[in-house]
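Okay, structure first, notes after.
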Amino acid sequence: MKTVNEILAHIDGLIRESRLSEVESYMNSELENARSEKAYDVAITLLNEMCGFFRDTGKMSKAIDCCLESEKLMDDMAIGKTKERAAAYINTANVYRAEGSLDKSYEYFEKAHEILEICGDDQLYSSYYNNLSLLHQNADRFEASVECLKQALYIADQKLGDEIRVAISRTNLASSLLQLKRADEAREYLEPAIK
């Protein structure tokens, strides 16, 4: 059986080469292999990848099915309050946000936050705040979105030193500020992001 890294590298290659029609069948095939080999850790990783892929390609019911199967596998494996579970909850929250089920999305973000308070991972915290801010934007809660993005920006800049995450947070922050008619403040965040 292939390793998780080999599978993910192949998926990335297919996407880079714009061979999207092959991605779903490849992931399904590798998921079946993981199930038959009882390689449940590989299956969970694949299900989370599939969740994001289906969300990004607008196949929401398939994305939700993958999220729920991943959650059930983690329950079966007694994977408790870990970074892996928090990441899966963030994925699930994003699917529900994209599907328009905002209350369900908030519910999963709350579950992720409870775990992050225990295991505290800066990359996941940054992702959590960035993605939660998008949910607030969808719900027209732009002040809440701004607060989340300031947290994400602080983590990305001060703790991770990740220029790409900093640029993403600044751009999203400028977007929320524009919705609040705070154009001058938005410009202060957007200009460094462009650089």
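Some notes on this structure:
- Count of residues meeting criterion [more than 15 Å from the chain's Cα centre (by Cα) and hydrophobic (A, V, I, L, M, F, W, C)] in the stretch 42-67: 2
- Among the residues making up the stretch 1-60, those that are open to solvent by 30 Å² or more (accessible area, probe 1.4 Å), of a type in the set (A, V, I, L, M) and closer than 25 Å to E99 by Cβ are L8, I15, L20, M60.
- Top-ranked residue in the stretch 176-195 [being open to solvent by 70 Å² or more (accessible area, probe 1.4 Å) and more than 22 Å from N138 (Cβ to Cβ); ranked as nearest to the chain's Cα centre (by Cα)]: I194
- Within the option set A39, A93, being within 11 Å of the chain's Cα centre (by Cα) and of a type in the set (A, V, I, L, M) holds for one residue only, A93.
Here's the yes/no breakdown for (1) open to solvent by less than 70 Å² (accessible area, probe 1.4 Å); (2) closer than 28 Å to S70 by Cα; (3) at pLDDT 95 or above:
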{"site": "A112", "(1), (2), (3)": "yes, yes, yes"}
{"site": "I115", "(1), (2), (3)": "yes, yes, yes"}
{"site": "I118", "(1), (2), (3)": "no, yes, no"}
{"site": "Q137", "(1), (2), (3)": "yes, yes, yes"}
{"site": "V146", "(1), (2), (3)": "yes, no, yes"}
{"site": "L153", "(1), (2), (3)": "yes, no, yes"}
{"site": "A174", "(1), (2), (3)": "yes, no, yes"}
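- So K159, is it outside any helix (DSSP H, G or I), more than 17 Å from the chain's Cα centre (by Cα) and not acidic (D, E): no
- Helices (runs of 4 or more DSSP H) contained entirely in the stretch 1-113, each with at least 2 residues that are among the small types (G, A, S) and under 26 Å from Y128 (Cα atoms): 40-56, 60-76, 83-99
- Among the residues of the stretch 68-83, the one identified as within 16 Å of the chain's Cα centre (by Cα), buried (at least 19 other Cβ atoms within 10 Å of the Cβ) and not small (G, A, S) is E71.
- If you go through the stretch 162-188 and keep only what is more than 12 Å from S126 (Cβ to Cβ), without any contact (Cβ under 8 Å) to a residue 24 or more places away in the chain and either assigned to a helix (DSSP H, G or I) or of a type in the set (A, V, I, L, M, F, W, C) (or both), you end up with E163, R170, T171, A174, L178, A183, D184, E185, A186, R187, E188.
The values are calculated or read from the model by the stated rules, or taken from the named source; none is laboratory data. From a predicted model like this one, the values you see are computed outputs, not experimental measurements. Virtual Cβ from ideal backbone geometry, glycine too; neighbours counted across all protein chains shown. Protein only, heavy atoms only, side chains kept; ligands, DNA and RNA dropped before computing areas. Shrake-Rupley method; radii C 1.70, N 1.55, O 1.52, S 1.80 Å.
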